[in-house]
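Contents: one structure, followed by commentary.
The values are calculated or read from the model by the stated rules, or taken from the named source; none is laboratory data. Note that the structure is a prediction, hence the values are computed from the model and not measured. Cβ placement follows ideal geometry from the backbone for every residue including glycine, while neighbour counts extend to all protein chains displayed. All accessible areas refer to the heavy atoms of the entire protein, side chains included, with ligands and DNA or RNA removed. Shrake-Rupley method; radii C 1.70, N 1.55, O 1.52, S 1.80 Å.
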Amino acid sequence: MQKSADSFLRALFQAAVDRADPRGVLTDALPQQPVTGRVIVLGAGKAAASMAAALEAAWTRPLEGLVVTRYGHGLPLKQIELVEASHPVPDTAGAEASARVLALAESAGANDTVIFLASGGASALLSAPAAGISLDEKRALTSALLKSGATIHEMNAVRKHLSAVKGGRLAVAAAPARLLTLAISDVPGDDPDVIGSGPTVPDASTLAEAKTVLAHYGIEAAPSIQARLNAPEAETPKLGDPAFERATFHMIATPQASLEAARDMAIEAELAAPILSDRIEGEARDAAKVLGALALASSATGDPFASPAVLLSGGETTVTVRGSGRGGRNVEFLLALAITLEGAKGISAIACDTDGIDGSEDNAGAVITPTTLARAQSLGIDVQARLADNDAYSVFAALGDLVMTGPTLTNVNDFRAILVDGEFGGQD
């Protein structure tokens, strides 16, 4: 594959990221500036700083408030305070900041406006635990959930019932103020109550569901957490609760919209560009087998997709960690995909997290080419053993095929593009 194909895949990823940039999408979603009362801006997530900066640039009236983002994802803000904290496992900085977010919401009166800026990562960053649960207990449970292979919906069902802020409780604190939530979706299906564990919307999950998740994955929670999940009064606020009477919710960026931006670029390059799905979940290596089979069939027979084509997909796969290696879900997907493709001619791929961080590593993802396996073999790398050890990062680092963007300050989940291109770009 020539450099042009590698550059094309990276350009598709950049188009997806650009479509979710708050500086381009937030302003159009803002209502008229209120002329009376305080405007309290609260927020959490990997895009919290860029969303707050876009709001400060768009509005002329005084603002106050606090937003929490992941370490390294901050920006200078003029009026809104910014705190950086740990993600995906919460820390003291996040717990203390989320307690202050809750207090600011509680200070709002009926004549005030509270704007909540929600984006992926808010679940870990708004980490103030419910009464009776320690931060260390919550951290241990979060780590166990992350390693279990639980879906984001399952994880959030648990976390919402153990939080002082999530699962609609921030809306309860802000009432009776006007409450506007502006959200960037990072979850399959774009469910408002799943984005950031839904601090400002009614919660559809239940205590019973949270207990079922822990039982299904064999996770033994601390006694305080078990007591919380068995307490009827710990149930989250539901649809119809008066706390939501003055609350509105607006989605400003979604995985589907970002995939469509990449599709438009591919069509301009005269490629077919089917969007397979924006909500692919399940084990990363299993998804690789399915998508790899589609690519191989398209390359060999033109069915189900005639080449040249780029197969686009999004969502959030999971990795059940059984090894001790390095790697996020995107590089695990790609290593499994390379093994599935077995060096098939003319097929290359990229998989990246749109926030610029694949799991807890420093890369966004990686790129594979038809020679990925051969080059790994020439370096003495046993790709099957590395995959079994969840060590895909080290493979792509050795090959020089990691995608390193740094924090993008947005997050619409994972982006995958498989280029089935015939003669497009040649071979490397």
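For segment 1-96, compute the orientation-averaged projected area of the C-alpha convex hull (one quarter of its surface), in nm². Please list the in-between numbers first.
Values: hull surface 33.4 nm².
Seen from a random direction, the Cα hull of segment 1-96 projects 8.4 nm² on average.
How much length is gained on full extension from residue 248 to residue 300, taking 0.36 nm per residue of separation minus their Cα-Cα distance? All intermediate terms of the calculation are to be shown ahead of the outcome.
Details: separation 52, 0.36 × 52 = 18.72 nm, distance 4.97 nm.
Once the chain is fully extended between residue 248 and residue 300, it gains 13.8 nm.
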- [ ] Sort segment 310-428 into rounded, prolate or oblate with this rule: let a ≥ b ≥ c be the square roots of the eigenvalues of the Cα gyration tensor; rounded if a/c is under 1.5, and if a/c is not under 1.5, prolate when a/b is larger than b/c, oblate otherwise.
- [x] oblate
Task: Karplus 3J(HN,Hα) series, Hz, for segment 165-180 with 6.51 cos²θ - 1.76 cosθ + 1.60 (x for Gly, Pro) - done: 10, 6, x, x, 6, 5, 5, 4, 5, 7, 4, x, 5, 5, 10, 10
TODO: Quick one: which residues, 5+ away or cross-chain, put their amide H under 5 Å from the amide H of residue 414? H built at 1.01 Å from N.
DONE: 315, 354
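Nearest-5 percent of antiparallel DSSP beta bridges in the chain? All intermediate terms of the calculation are to be shown ahead of the outcome.
Values: 21 of 54 bridges.
Beta bridges within the chain, antiparallel portion: roughly 40 percent.
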Open item on the list: Check which residues have an amide H placed less than 5 Å from residue 65's amide H, if you skip close sequence neighbours.
Closed with: 41, 81
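Quick check on the chain: helices-only [θ] at 222 nm, where DSSP H runs of length 4 and up contribute -39,500 (n - 2.57) each and the sum goes over total residues. Nearest 500, please.
When only DSSP H runs of four or more count, the value is -11000 deg cm²/dmol.
Please grab the % of Cα pairs in the chain that end up more than 38 Å from each other. All intermediate terms of the calculation are to be shown ahead of the outcome.
On the way: 21204 of 91378 pairs.
The share of Cα pairs beyond 38 Å in the chain comes to 23 percent.
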- [ ] Kindly write out, for segment 367-374 in residue order, the coupling ³J(HN,Hα) from the Karplus curve 6.51 cos²θ - 1.76 cosθ + 1.60 (θ = phi - 60°), rounded to whole Hz, with x marking Gly and Pro.
- [x] 10, 10, 10, x, 9, 3, 5, 5
Open item on the list: So the label point goes 7 Å from the Cα of residue 220 along Cα→C-beta, right? Which residues of segment 319-358 then have their backbone N under 20 Å from it?
Closed with: 321-322
Open item on the list: Taking the Cα of residue 238, stepping 7 Å toward and past its beta carbon, and measuring to each backbone N in segment 189-210: which are under 15 Å?
Closed with: 202-210
Open item on the list: So if I take the centroid of the Cα atoms in segment 319-384 and the same for segment 168-233, what is the distance between those two points in Å?
Closed with: 33
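Enter the mean projected area of the convex hull around the alpha-carbon atoms of segment 257-326, in nm², rounded to one decimal. All intermediate terms of the calculation are to be shown ahead of the outcome.
On the way: hull surface 22.5 nm².
It is 5.6 nm².
Which loop-located GluC sites (Glu not before Pro) does segment 206-248 contain, where loop means any DSSP state but H, G, I, E or B and the Cβ has at most 12 other Cβ atoms within 10 Å?
Details: sites: 209, 220, 233, 235, 245; in loops: 220, 235, 245.
Within segment 206-248, the qualifying GluC sites (Glu not before Pro) (loop, at most 12 other Cβ atoms within 10 Å) are 220, 245.
Residues of the chain: accessible area per residue at 1.4 Å, in Å²? It would help to have the intermediate numbers written out before the result.
Working: 15850 Å² over 428 residues.
The answer is 37 Å² per residue.
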- [ ] With θ set to phi - 60°, apply the Karplus curve 6.51 cos²θ - 1.76 cosθ + 1.60 along segment 238-249 and write out the HN-Hα couplings as whole Hz, x wherever there is a Gly or Pro.
- [x] 10, 4, x, 5, x, 4, 9, 5, 10, 9, 10, 9
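Kindly provide the trypsin sites (Lys or Arg not before Pro) of segment 231-296 that DSSP labels as loop, not H, G, I, E or B, and whose Cβ sees at most 16 other Cβ atoms within 10 Å.
Passing both the DSSP loop test and the Cβ count: 238.
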- [ ] Would you work out what percent of the accessible area of the chain, with all protein chains in place, is carbon or sulfur (probe 1.4 Å)?
- [x] 53
Task: Extended-chain gain in nm, criterion 0.36 nm per residue less alpha-carbon gap, residue 58 and residue 27 - done: 10.5 nm
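Beyond 11 Å, what share of the Cα-Cα pairs of segment 7-53 is found? Please give it as a whole percent. Write out the running numbers ahead of the final one.
Numbers: 816 of 1081 pairs.
Percent of Cα pairs beyond 11 Å in segment 7-53: 75.
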Task: Other-chain or far-sequence residues with amide H under 5 Å of residue 85's (modelled H) - done: 69, 70, 71
